[in-house]
Structure formats: C-alpha cells, structure tokens
Amino acid sequence: MDIHVKPLEILHVTAYFSKLFMALLPILRFPDPRLHIKATPVETMDASVRQLIHDMTETMYDAPGIGLAATQVNVHRQIIVIDISEEHNDPMVFINAMIIERSGEREGEEGCLSVPGVHEKVIRAERVKVRALDENGQPFELEAEGLLAVCLQHELDHLDGKVFVEYLSQLKQSRIKARLAKQARAATGQT
Ligand code: NI
C-alpha cells in the first residue's frame with residue numbers, strides 16, 4: 001500500500017465525505033397548510049442559512065427539480081434555489097428576492113415538487129427583473145425571461161404562501177387534492 005496520497009485523491013475523499021453530511025429535506029405536499037405560511041426575510045447570512053441553502057440544493061437535485069423554495073421544506077425564510085441548466089451544475093441562490101419589474105405575458109405548463117404528478121398551464125409575466133442577495137449576502141439584480149422568469153415567479157409565490165394550483169379553477173383544485181390524498185394513502189399502505 002502506497003502511503004503517498006496525491007492532492008487529487010485528498011480532494012476526492014473530501015468531496016466524498018462532504019456528500020455524506022448533506023441532508024435531503026422532506027418536501028411538504030399540497031394541500032399541507034404549512035405551504036401557506038408567508039416567509040420572512042433573512043436578516044443575517046449565518047452558518048445555518050448556508051447549511052440550509054446547501055441542503056435545499058441537494059434536495060432539489062435529488063427530487064429532481066429545477067427550483068425549490070424554503071417554504072417547501074417547512075422553513076419560512078425568503079430563500080430560493082434554482083437550477084435550469086441541462087447538466088444541473090449551475091445552481092442559483094436568491095435570498096430576500098423581490099420582483100421590481102415585470103412585462104409581457106405567457107402561458108406555460110408548470111409542475112411542482114409539492115404537487116407531484118400534476119402539470120397545468122399558468123399565465124405568468126414573460127420577463128421579470130429581480131433584486132435579491134446572493135449566498136454571500138451580496139445584493140444583485142437579474143433580468144430573466146422564459147423558463148427562468150417562470151421559475152422565479154413560481155418560487156416567489158411559494159414564499160408568499162401560494163402554490164401554483166391555486167391559479168386553477170376550484171373544480172381542478174378539488175380533483176388534484178383528491179388525487180394527492182389517494183397517492184398519500186397508497187404510500188402509507190392505507191386504502
Ligand atoms: Ni413549486
């Protein structure tokens with residue numbers, strides 16, 4: 001056995017162990033009333049916030065999804081993670097985000113990790129400009145359009161206590177609730 005460890009191997013081992021300490025967080029499912037709690041702004045970027053961002057990112061990738069709001073993991077702080085890249089290697093973090101401009105309109109199909117298996121059309125702004133803090137607490141502004149714009153509006157709704165199915169008719173919402181209740185019963189082995 002060679003006692004010399006090359007730097008690359010040390011890096012590899014570190015990455016391996018850091019993966020072990022990552023936590024996948026349980027995602028609340030519609031119509032859980034906790035999805036309607038309004039998130040409050042993050043005051044200080046401390047270790048607990050950084051850990052939460054880390055865990056939320058892993059939970060989003062594991063699901064898999066392209067966006068996750070802290071509300072969905074039952075933490076009611078204004079934190080969003082998004083990754084719309086094909087390779088899932090470009091995570092974006094939005095803390096205390098607000099939309100400062102919106103324009104245009106588009107209708108697109110949306111899904112949500114809190115409403116598994118449901119995809120429905122929602123009308124959103126085509127373009128939005130967002131002001132937020134990054135994971136280091138630095139302010140930034142971003143102009144988004146298309147999928148990123150839709151994703152930001154969807155996740156910001158979560159922080160405001162709103163799930164995308166609430167844009168649908170009452171009839172559709174009742175059907176979705178019934179379907180999810182059936183899924184939940186099946187998952188716990190009840191009939
Ligand atoms: Ni969602």
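What to note about this one:
- Of the set (1) outside any loop (DSSP other than H, G, I, E, B); (2) within 18 Å of P31 (Cα to Cα); (3) at pLDDT 95 or above, all apply to R185 but (3).
- Only residues that are within 11 Å of the ligand (Cβ to nearest atom) and over 14 Å from I95 (Cβ atoms) were counted in the stretch 61-82, giving 5.
- Leading residue by the ranking (nearest to the ligand (Cβ to nearest atom)) among those in the stretch 88-112 that are among the acidic types (D, E) and surrounded by fewer than 14 Cβ atoms within 10 Å (Cβ to Cβ): E109
- Across the stretch 177-191, the qualifying residues are those that are exposed (fewer than 12 other Cβ atoms within 10 Å of the Cβ) and basic (K, R), and the one among them that is farthest from the ligand (Cβ to nearest atom) is R185.
- Taking each residue of the stretch 66-85 that is in contact (Cβ under 8 Å) with a residue 12 or more places away in the chain and looking for partners that are among the acidic types (D, E) and part of a helix (DSSP H, G or I) with beta-carbon atoms closer than 7 Å, six or more apart or interchain, yields G67/E155; A69/E155; I80/E155; I82/E155.
- Taking strands (runs of 3 or more DSSP E) as the structural unit, those lying wholly within the stretch 106-170 and holding at least 1 residues that are within 22 Å of Q183 (Cβ to Cβ) correspond to 106-112, 115-124.
- Residue, nearest to the chain's Cα centre (by Cα), within the stretch 146-176, restricted to residues that are more than 16 Å from the ligand (Cβ to nearest atom) and in contact (Cβ under 8 Å) with a residue 12 or more places away in the chain: G146
- Scan of the stretch 112-145 for residues that are touching a strand residue (DSSP E or B) at 6+ places or on another chain (Cβ under 6 Å) and free of Cβ contacts under 8 Å to residues at least 12 places away in the same chain, ordered by number: H119, P139
The values are calculated or read from the model by the stated rules, or taken from the named source; none is laboratory data. Please read all numbers here as calculations on a predicted model, not as lab measurements. Cβ sites come from the backbone with ideal geometry, for glycine too, and all protein chains shown count toward neighbours.
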